[in-house]
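Scroll down for the structure; my scribbles are underneath it.
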Amino acid sequence: MPSAGWLPGIALSAVGAAAGFGIHAAFPVVPWLTASIVLGVVVGCIRPARPALDGMLKPGLAIASRRLLRLGIVVLGLKLSLVDIAHLGWIAVLAIIALVGVSFVITWSIARVLKLPGDEPVLLAAGFSICGVSAVGAMSAARGSDARDSGTPIALVTLYGTAAIAVLPALAIPLGLPAPTFGHWVGASVHDVGQVVATAGTAGAAALAVAIVVKLTRVLMLAPMVAITSVSTRRRMALTTAVSSSSPSATPRPPIVPLFIVGFVVLVLARTLLPIPDAALAAADIVQSALLAAALFAIGASLRLERLLRSGPRALLAGALSWIAILALALLVALLA
């Protein structure tokens, strides 16, 4: 496909990301990424715009929703320093890793019991347990999921992650949580990094500092979880191919470790081992947010609410039950830390 065919959709995604930043600048409590995906959903709901969204804009929106999302995940690696994570102490790190694993299993089980279709259960589990939309995109790529299966998980992590911005600070008062404990709770339970910043920031710098390190420890689990999923998917596809009479080349298998996850790990190691200037890290943070904002706007503009609601109340219930369970487990981990 000629690159010129991508330009209108990519340009619209960039405009949507800029508009999302404008909303964030005017109302700092609203994360940039949340504003961007909501704007995308709103645009996708405008019926007169749908012929263009499903026509000349579609190639660029598809490129933005896949490639820009993966580039944003790669750059996200520069946020993580293994030294900062080590400062939490090995008991706290092990507790966070265990929390991610248990949260994944719980969310996946709830979604399966409620019979969410396709790959929605595993994508929802990745988003709720690891790092929100970024994890949904990474897991979708690792499994080769149908694009329609990403819509509901992305909507749910956006909905409940945004709700956390109001709910968790309100709960912190009656629970009597000190700032570091509140920050630990936020970092261990809230989905996206931007939502963590918005939530923990309500309790001050001490809570925010702890929340970011705990959250980034969860983000670090993205690489092994995606690698395990890729290997599992390859084995499942190999077994399916062996049982069926189709040619092995008819169904391409995903790589053992997706290239963008390799890039993510490389940048984590670079941040840990190299003296990267603060100005470069600040610039990378803006680039990462812009890439993810453009990708999320494109995803939102490609969603159709009538399709998104195919799982109906079951999806909302799955998200609510998982969110409550993760909040309770994360609070326990925070209190014991």
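The values are calculated or read from the model by the stated rules, or taken from the named source; none is laboratory data. Values in this document were obtained by computation on a predicted structure and should not be read as measured data. Don't worry about glycine lacking a Cβ; one is built from the backbone with ideal geometry, like all the others, and counts go over all protein chains shown.
Values as computed for the structure displayed
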| read-out | value |
| --- | --- |
| Any chance residue 20 is small (Gly, Ala, Ser) and either buried (at least 17 other Cβ atoms within 10 Å of the Cβ) or under 21 Å from the mean Cα position of the chain (by Cα) (or both) | yes |
| Yes/no for residue 69 being within 30 Å of residue 274 (Cα to Cα) and buried (at least 18 other Cβ atoms within 10 Å of the Cβ) | yes |
| Residue check for residue 218: at pLDDT below 85 and surrounded by 14 or more Cβ atoms within 10 Å (Cβ to Cβ) | no |
| Any hit, region 67-81, residues being over 20 Å from residue 132 (Cβ atoms), in a helix (DSSP H, G or I) and among the aliphatic types (A, V, I, L, M) | no |
| Answer residue from region 287-307, given it is of a type in the set (A, V, I, L, M) and surrounded by fewer than 17 Cβ atoms within 10 Å (Cβ to Cβ) and is modelled with the highest pLDDT among those | 287 |
| Test: residue in region 167-174 that is over 25 Å from residue 300 (Cβ atoms) and in contact with a Pro (Cβ under 6 Å, 6 or more places away or on another chain) | no |
| Some residue of region 252-266 being part of a helix (DSSP H, G or I), aliphatic (A, V, I, L, M) and modelled with pLDDT of 90 or more | yes |
| Residue that is nearest to residue 162 (Cα to Cα) [pool: residues in region 1-46 that are of a type in the set (A, V, I, L, M), touching a helix residue (DSSP H, G or I) at 6+ places or on another chain (Cβ under 7 Å) and not in a helix (DSSP H, G or I)] | 30 |
| Hits in region 135-149 (condition: buried (at least 24 other Cβ atoms within 10 Å of the Cβ) and at pLDDT below 85) | 142 |
